[in-house]
Amino acid sequence: MGKADAAVRNWLSDKRRFADLFNGVIFSGREVVTADELEEQKGETSVLAPDKAGGTRPVQKYRDIVMRWNGKMDLMLLAVESQDKIHYAMPVRNMLYDGLEYAEQVRLRNKQRRIKYHSSEEFLSGFGKNDRLYPVITLVFYYDTKGWDGAKSLYDMMGLREDDEKHSLLRPYIPDYHINLVDAGNMRGTEYFHTDLHEVMGMLKYRGDKEGLQKYIKENSSYFSNLDKDSYFAVGSFLKSKRLMKKIDAAGQGKERHLDMCKAIEDLYEDGIEKGIEKGIEKGIVQGKRDTALNLKKMGMAAEQIAQAVGETAGIVREWLSEANAVK
């Protein structure tokens, strides 16, 4: 895991922010999930799967952020997969993660059962007739500047189209699985967020516009001028600027608990202007030398052509004079 990925995951792991993300995406801003109802879970999930030799082998997967929610809508498992790049097999990946979570619930029910099974079917299943699973909801938090152009469901990966007669016959017999995509840089409804997700999500829309970014950060200076270190690193990661990340790394070494992103952006912008001017001057000098050399070359070619023409003319004149003398 790189520094940028770690910074974003650490930032989203804050329970208030995590709850706000789910409330904003799923409940249109209503505060259904609360931070005090969340319990952080280990991201590692494992299950025994059959191998080629006829035995079993452990299958382990590591999720980014997992929270157990014991709230108003009964028990649920909420997870976030943080993506800084498009994953073209994301539906299969998430389906596997969620499937392992459900398999783990079945295993635990079987392990923790205190009474005997009521039938051979329950014993064979390792799951009682009246047992229930609790839902698993996974959000894919994608924050690259490029718009998501990958599949959002198994049907997309299979190329099953509704307008194809053969596919329409197959679809009822092939279970679909879709991802809950949060395309952070192209998201509508940022007003649904009540934590600093609101400011940061709004900022992401201006990543390709330096002036727009500067203006937005200035308008929200009360937030961006006093960031805690986790938020400071996360914002730098979202902006994906190597020069900015160097500044952030340097600032992170200090003892300050809160840092000014406004100043960092301003310094970055000024550095960019100075660097651009230097490059422009250097480019102008090089281009000027090239132009001068090219002009001299053209002048030299022209001089050679003139000399050649003069030489040819002199030769003709000499021939005329020779013929005139012969006539005399």
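The values are calculated or read from the model by the stated rules, or taken from the named source; none is laboratory data. Here the structure is a predicted model, which is why all the values come from computation and not from measurement. All Cβ positions, even for glycine, are placed from backbone atoms using ideal geometry, and neighbour counts span all protein chains on display.
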| said: Could you go through region 89-97 and let me know if any residue there is basic (Lys, Arg) and under 17 Å from the mean Cα position of the chain (by Cα). | reply: yes
| Any chance residue 141 is touching a strand residue (DSSP E or B) at 6+ places or on another chain (Cβ under 7 Å), touching a residue at least 12 places away in the same chain (Cβ under 8 Å), surrounded by 14 or more Cβ atoms within 10 Å (Cβ to Cβ) and not β-branched (Val, Ile, Thr) | yes
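So that you can scan it fast, the table gives a plain yes or no per residue for (1) at pLDDT below 95; (2) surrounded by 13 or more Cβ atoms within 10 Å (Cβ to Cβ):
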{"position": "7", "(1), (2)": "yes, yes"}
{"position": "10", "(1), (2)": "yes, yes"}
{"position": "19", "(1), (2)": "no, yes"}
{"position": "22", "(1), (2)": "no, yes"}
{"position": "28", "(1), (2)": "yes, no"}
{"position": "32", "(1), (2)": "yes, yes"}
{"position": "41", "(1), (2)": "yes, yes"}
{"position": "45", "(1), (2)": "yes, yes"}
{"position": "55", "(1), (2)": "yes, no"}
| request: Using the structure shown, decide if residue 134 is in contact (Cβ under 8 Å) with a residue 40 or more places away in the chain, on the phi < 0 side of the Ramachandran plot and part of a loop (DSSP other than H, G, I, E, B). | output: yes
| field | Residues (aliphatic (A, V, I, L, M), assigned to a helix (DSSP H, G or I) and either touching a residue at least 12 places away in the same chain (Cβ under 8 Å) or within 30 Å of residue 207 (Cβ to Cβ) (or both)) located in region 146-172 | value | 154, 157, 158
| task | Specify which of the listed residues (208, 254, 202) is at pLDDT 90 or above and out of contact with any strand residue (DSSP E or B) (no Cβ under 6 Å at 6 or more places or on another chain). | result | 202
| Criterion (in contact with a strand residue (DSSP E or B) (Cβ under 7 Å, 6 or more places away or on another chain), at pLDDT below 90, more than 30 Å from residue 208 (Cα to Cα) and surrounded by 13 or more Cβ atoms within 10 Å (Cβ to Cβ)) met by exactly one of 122, 104 | 104
| request: May I ask you to verify whether residue 211 is in a helix (DSSP H, G or I) and surrounded by fewer than 17 Cβ atoms within 10 Å (Cβ to Cβ)? | output: yes
